[in-house]
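The values are calculated or read from the model by the stated rules, or taken from the named source; none is laboratory data. No experiment lies behind these values; they were computed from the predicted model shown. All Cβ positions, even for glycine, are placed from backbone atoms using ideal geometry, and neighbour counts span all protein chains on display.
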Amino acid sequence: MIKALKVVLIIWAALGILVGLGYIFAPQQVGAMMGFEQGPAYVPYFLAMLGITYVTIGAFLIVAARDPIRNILWVQLAIVWAILAVAAAVYSMMRGFVTFEQAGVGLIIDSAFFVALMALYPYRAVRGAARRRK
């Protein structure tokens, strides 16, 4: 289970890094691929800031994947990030900010990784480590 968790963390982090690099270096192209019209001139700046966040967190998740039990807070951060991304996508679609065609791929990917991370979460090992610390 831990090996599978490591793989899932690394894959999700790598995808995040790739998306982040796209936001930093090719924001107009990424927006066009997702079906968004070109926005105001400052939008690429905000996407670059978001991209930096994706790259940074992705890098730390890859490091944390080397020992998920020891770095369990990073695993928990990945879980929270995934479910909040799902909630934000659903909320944005319900409010009409985006369509499923624009946000659906991200929604599906984030949902899949949330389920995988929850299924592979090392509940027993974390509980046992907490008991040993007491």
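Observations, loosely collected:
- Per the listing Ala4, Ala41, Ala14, Ala48, the residue uniquely in a helix (DSSP H, G or I) and more than 18 Å from Ile109 (Cβ to Cβ) is Ala48.
- Flag set for Ile11, criterion: surrounded by fewer than 16 Cβ atoms within 10 Å (Cβ to Cβ), at pLDDT 95 or above and either closer than 27 Å to Leu117 by Cβ or in contact with a strand residue (DSSP E or B) (Cβ under 8 Å, 6 or more places away or on another chain) (or both).
- Qualifying residues in segment 100-125 (those that are over 17 Å from the mean Cα position of the chain (by Cα) and exposed (fewer than 13 other Cβ atoms within 10 Å of the Cβ)) - the one modelled with the highest pLDDT: Phe100
- The number of residues in segment 89-131 that are farther than 17 Å from Gly31 by Cβ and not in a helix (DSSP H, G or I) comes to 4.
- The numbered conditions (1) touching a helix residue (DSSP H, G or I) at 6+ places or on another chain (Cβ under 6 Å); (2) more than 21 Å from Ile10 (Cα to Cα); (3) aliphatic (A, V, I, L, M) are all true for Val55 except (2).
- Subset of segment 53-67 [aliphatic (A, V, I, L, M) and assigned to a helix (DSSP H, G or I)]: Val55, Ile57, Ala59, Leu61, Ile62, Val63, Ala64
- Test: residue in segment 79-88 that is modelled with pLDDT of 95 or more, part of a loop (DSSP other than H, G, I, E, B) and either out of contact with any Ser or Thr (no Cβ under 8 Å at 6 or more places or on another chain) or closer than 25 Å to Leu18 by Cβ (or both): no
- Hey, Met1 hydrophobic (A, V, I, L, M, F, W, C), at pLDDT below 90 and closer than 24 Å to Met118 by Cβ or not: yes
- Of the residues making up segment 31-66, those that are among the β-branched types (Val, Ile, Thr) and over 23 Å from Ala78 (Cα atoms) number 1.
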